[in-house]
Ligand SMILES: Nc1ncnc2c1ncn2[C@@H]1O[C@H](COP(=O)(O)OP(=O)(O)O)[C@@H](O)[C@H]1O
Ligand SMILES: [Mg+2]
């Protein structure tokens, strides 16, 4: 049993993951990943495309089995998906046949809450993501940014302890992305959930995070974990600050080295 007086957030120890397709070769996606995500912190994962970021996120979510090593949260070992961990995907993953309100009620239903209380709560999360007035709209009638707001509200409405976000703003235009980043920070300051946020945008990672882990080219390992902390200040001019741009450049160099590594042909 975990001791509730000692918050652990997420503790990953020696996690490796292999994909073994029925036909084709086995792919080692993760190798000996050990990582601690502090309770209530915003932690970004950066790394070259194909290095195993999504795999790591889905292992934490319980959607992929833990093959080697372990993942522990404050609630114990991760073996399955659970309502304590909510996921937001790049492609929104809303039910297209349900309205915004119905999509969000689905998130609340996962908590076993129904009726008037569920509707009040749904409205709270709709207002929180600034979708007030679009309750009866279907996802297909909304812009990409609005669909991602609805997806975020649906996940938040289930009130998970841990929010797992897989390049959630990757499909949005630069302007919408920037607004969504600001709003996500605003929401996170209120909810103080533990967030694991996968992105390939270094500035986004530095802007949002307490800590940033840079992963190696496949098989993914944690190369380095750095602390950031610009997210605590709520400074709208942060993108122009020299200490901010310096850290973005520093981390970009690390990611760049891994991207180059990923491009290098494997020795014969
Ligand atoms: N279902 C799967 N079957 C086989 N290989 C997979 C599967 N999913 C991902 N992979 C491989 O595992 C590696 C890591 O993938 P992924 O976690 O999606 O990387 P990232 O999210 O960092 O781009 C990649 O080489 C990818 O091709
Ligand atoms: Mg991915």
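All of the numbers you see were taken from the coordinates with simple rules; none came from a lab. Since the model is a prediction, treat every value here as computed from it, not as a measurement. Heads up, the Cβs are rebuilt from the backbone with ideal geometry, glycines too, and the neighbour counts pull from every protein chain shown.
Using only DSSP helix segments of four residues or longer, with each worth -39500 (n - 2.57), what per-residue ellipticity at 222 nm results for the chain after dividing by its residue count and rounding to 500? Numbers along the way, then the final one.
Details: 7 runs with 94 residues, N = 268.
One gets -11000 deg cm²/dmol as the mean residue ellipticity at 222 nm.
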- Can you give me the relative contact order of the chain as a percent, contacts being Cα pairs under 8 Å and 6 or more apart? 25
- Note on the structure: Helix 100-109 sits off the longest principal axis of the Cα atoms of the chain, rounded to the nearest 10 on a 0 to 90 degree scale, by 70
- Item | Sequence of 130, 200 once ranked by neighbouring C-beta atoms within 10 Å, starting from the fewest | 130, 200
- Taking the chain as a Gaussian network, Cα atoms linked when under 10 Å apart, which of 205, 136, 153 shows the biggest mean-square fluctuation? 136
- Note on the structure: Rounded to the nearest 10 degrees, the helix 242-263 long axis (Cα) sits at an angle to the longest Cα principal axis of the chain of 60
- Query: Under a plain spin-label model, where a point goes 7 Å from the Cα along Cα-to-Cβ, how far apart in nm are residue 116 and residue 135?
  - Reply: 1.4
- Beta bridges per DSSP with both ends in the chain, % antiparallel, nearest 5: 50
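At a threshold of 8 angstrom on Cα-Cα distance, excluding pairs fewer than six apart, so keeping six or more, what relative contact order does the stretch 146-227 reach in percent? Write out the running numbers ahead of the final one.
Details: 63 pairs, mean separation 20.8, N = 82.
It rounds to 25 percent for the stretch 146-227.
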- Normalise the Debye intensity by I(0) for the stretch 125-248, one equal point scatterer per Cα, no solvent, then take log10 at q = 0.11, 0.16, 0.20, 0.22 Å⁻¹ and round to two decimals. -0.41, -0.85, -1.24, -1.42
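Give the order of 46, 94 when sorted by the count of other beta carbons within 10 angstrom, beginning with the fewest. Write out the running numbers ahead of the final one.
Working: 46 27, 94 23.
Arranged by neighbour count, lowest to highest, 46, 94 become 94, 46.
Using a 10 Å cut-off around each Cβ, can you sort 226, 184 from fewest to most neighbouring Cβ atoms?
Working: 226 17, 184 26.
Fewest-to-most ranking of 226, 184: 226, 184.
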- Note on the structure: Computed over the Cα atoms of the stretch 94-159, the Rg and Dmax in Å are 10.4, 30
- Item | With Cα atoms, 0 to 90° folded angle of helix 115-128 axis to the chain main axis | 60
